[in-house]
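Below you'll find the structure, written out as structure tokens, and then a few comments.
The values are calculated or read from the model by the stated rules, or taken from the named source; none is laboratory data. Source: prediction; values computed, not measured. Cβ atoms come from the backbone with ideal geometry, glycine included; neighbour counts cover every protein chain shown. The accessibility values were calculated without ligands, DNA or RNA, using every heavy atom of the protein model including side chains. Shrake-Rupley method; radii C 1.70, N 1.55, O 1.52, S 1.80 Å.
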Amino acid sequence: MDLFLKVSRLCPRRTLAQELCDAGFVLLNGRPAKSAHTVKVGDELNIRRRDREIVARVLQAPENRNVSRSDAGRLVDILSERVIGPLDD
């Protein structure tokens, strides 16, 4: 999971992806996801960060860790993205 979030550019760093998973801010198909969980095609990801919440569907699972920036956009389909304001907790 953490590697997929980094490779797909949903998180800038793998350590941040691990921290988000450990804190329960990453949901996989509506359930809290561990950082070591395997991501499959068709899975729905909810990622909540301090300033925004992203809902994405997995379109492809990368075969290796090296994915170009242009190919990273083809790994997920962003279903929704909303900015979270200071009063939206």
Checklist entry - If each of Ser68 and Val41 carries a label point 7 Å out from its Cα toward its Cβ, how far apart are those two points in nm? => result 2.1 nm
Item to check | Sulfur and carbon atoms: percent of accessible area, the chain [1.4 Å] | outcome: 47 percent
Item to check | Computed over the chain, Cα set: Rg, Dmax in Å | outcome: 12.3, 41
Checklist entry - What ³J(HN,Hα) values, in whole Hz, does the Karplus curve 6.51 cos²θ - 1.76 cosθ + 1.60 give for region 57-66 when θ = phi - 60°, with x put for Gly and Pro? => result 10, 6, 9, 9, 9, x, 7, 9, 7, 9
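Per residue, how much accessible area does the chain show when a 1.4 Å probe rolls over the protein heavy atoms, in square angstrom? Don't skip to the end; give the middle numbers.
Numbers: 5900 Å² over 89 residues.
For the chain, the per-residue accessible area is 66 Å².
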Item to check | Debye, to nearest 20: dipole size of the chain, +1 on Lys, Arg Cβ, -1 on Asp, Glu Cβ | outcome: 260 debye
Checklist entry - Extension gain Ile78-Arg31, at 0.36 nm per residue separation less the Cα-Cα distance, in nm? => result 15.1 nm
Next on the checklist: I need the shape label for region 16-56. Rule: rounded when a/c is under 1.5, else prolate if a/b > b/c, else oblate, with a, b, c from the alpha carbon gyration tensor.
Outcome noted: oblate
